[in-house]
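Asker: Provided herewith is a single structure, encoded as structure tokens, for subsequent inquiry.
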Amino acid sequence: MFFVIFGTKVGALELIGKATQGGLIQGQLPSGTKLSINDVPLAITSNGIFVFGLNRNSEPKIRIEIRFRDGSIENKVLTITKRKYKIQKIEGLARTKVTPRESDYKRIIAEHKMLQAARSKITLNTGFRRGFTWPVRGKITGVYGSQRILNGKPRAPHYGVDISAPKGSPVAAAADGVVGMTHLGMFFTGKTIHIDHGLGIGTVYAHLDKINVKLGSFVKKGEVIGKVGKTGRATGPHLHWGLSWKDIRLDPTSVLGKLPKRILD
């Protein structure tokens, strides 16, 4: 984690998180203060808590505008660290999972819209304030941002972390939140769960063998929500774990620190 402190007319503005592409930033301002990032207003809780995310290709500088209760405005600039991303080649996938049939596209689009609707929901919950934990034990086999070459064909970057583990291994909620979506068989991600942690922060758990939670249920950090599987587009049992802020896909490790080769606890 890092801390950036800007002086303001009412005291310090402290930002917590990684100011890097794919990072999640948290902060707090006096009640009644408004904040925008590059002219986009942020949702802020009654006690001034806010968050925002930085996409995979975020520009090198972003502008933060603070509007105080008396109408005065202060502008700050946050410098964003650029990242280099890996190239990952994966073979052995079903041909139709790499290049879907025309008849599959209607389903794919509908499922994408369903997940986007869950991600775009903004609640004033603050489950993320208790922090995050790794959702499963296992070996890291895929990282955020990597360019995917599937069966020799370039495809979209990987927006999450893949953790290989035996089929049936327990999968836990990474943070407190409310189950915003469950699906028993998405085309690409198979059995999938989305959890809303508040202020647009969400996590996705994909390729599951079993789902143990229901839509709308509250879950605590570390609570078992499903089991590892290989449903959807997968060559073996693993968990795809994703983090997002609204429709911006973030690096889950940005809320956990250094990426280990294997998750042991």
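The values are calculated or read from the model by the stated rules, or taken from the named source; none is laboratory data. From a predicted model like this one, the values you see are computed outputs, not experimental measurements. All Cβ positions, glycine included, derive from the backbone under ideal geometry; neighbour counts span all protein chains shown. When the accessible area is computed, the model is the full protein with side chains, heavy atoms only, and any ligands, DNA or RNA have been set aside. Shrake-Rupley method; radii C 1.70, N 1.55, O 1.52, S 1.80 Å.
Asker: Cβ contacts < 7 Å: first residue exposed (fewer than 15 other Cβ atoms within 10 Å of the Cβ), restricted to the stretch 77-88; second residue small (G, A, S), any location; separation 6+ or different chain. Result?
Answerer: T79/A19; T81/A19; K86/S146; I87/S146
Asker: Here is a follow-up. Among the strands (runs of 3 or more DSSP E) confined wholly to the stretch 11-108, which include 1 or more residues that are more than 23 Å from T203 (Cα to Cα)? Lay out the reasoning, then the answer.
Answerer: Values: elements: 11-17, 24-28, 34-37, 49-53, 61-67, 73-79, 87-90.
Where strands (runs of 3 or more DSSP E) fall fully within the stretch 11-108 and carry at least 1 residues being more than 23 Å from T203 (Cα to Cα), they are 11-17, 34-37, 61-67, 73-79, 87-90.
Asker: Restricting attention to the stretch 22-41, which residues are hydrophobic (A, V, I, L, M, F, W, C) and surrounded by fewer than 17 Cβ atoms within 10 Å (Cβ to Cβ)?
Answerer: If we filter the stretch 22-41 for residues that are hydrophobic (A, V, I, L, M, F, W, C), which is where we start, we get 24-25, 29, 35, 37, 40.
Listed by number, the list holds a single entry, V40.
Asker: Another question, then. Can you tell me which residue is farthest from the chain's Cα centre (by Cα) among those in the stretch 113-148 that are buried (at least 17 other Cβ atoms within 10 Å of the Cβ) and in a helix (DSSP H, G or I)?
Answerer: The residue in question is G127.
Asker: Considering the stretch 164-180 alone, what residues qualify as being open to solvent by 10 Å² or more (accessible area, probe 1.4 Å) and either closer than 16 Å to T231 by Cβ or not acidic (D, E) (or both)?
Answerer: To start, the set of residues in the stretch 164-180 that are open to solvent by 10 Å² or more (accessible area, probe 1.4 Å) comprises 164, 166-170, 172, 176, 178, 180.
Residues satisfying the conditions are S164, P166, K167, G168, S169, P170, A172, V178, G180.
Asker: Another question, if that's okay. Tally up the residues in the stretch 200-245 that are in contact with an Asp or Glu (Cβ under 8 Å, 6 or more places away or on another chain), of a type in the set (G, A, S) and free of Cβ contacts under 8 Å to residues at least 60 places away in the same chain, please.
Answerer: 1
Asker: Additional query: Among the residues of the stretch 101-124, what is the count of those that are modelled with pLDDT under 90 and not acidic (D, E)?
Answerer: Looking only at that region, the number is 2.
Asker: In this structure, does G17 turn out to be closer than 30 Å to G152 by Cα, touching a Leu at 6+ places or on another chain (Cβ under 6 Å) and touching a residue at least 12 places away in the same chain (Cβ under 8 Å)?
Answerer: Numbers: closer than 30 Å to G152 by Cα: no; touching a Leu at 6+ places or on another chain (Cβ under 6 Å): yes; touching a residue at least 12 places away in the same chain (Cβ under 8 Å): yes.
No, not satisfied.
Asker: Exactly one condition in (1) open to solvent by less than 40 Å² (accessible area, probe 1.4 Å); (2) in a strand (DSSP E or B); (3) closer than 27 Å to A19 by Cα; (4) not hydrophobic (A, V, I, L, M, F, W, C) is not met by R249; state its number.
Answerer: Condition (1) is where R249 drops out.
Asker: Can you find, within the stretch 149-168, the residue that is farthest from L256 (Cα to Cα) among those that are in a strand (DSSP E or B) and touching a residue at least 40 places away in the same chain (Cβ under 8 Å)?
Answerer: Here is the first cut: in the stretch 149-168, the residues in a strand (DSSP E or B) are 149-150, 153-155, 161-164.
Keeping just the survivors that are touching a residue at least 40 places away in the same chain (Cβ under 8 Å) gives 149-150, 153, 155, 161-164.
Details: I149: 27, L150: 28, K153: 32, R155: 27, V161: 12, D162: 15, I163: 15, S164: 18 Å.
Among them, the one singled out is K153.
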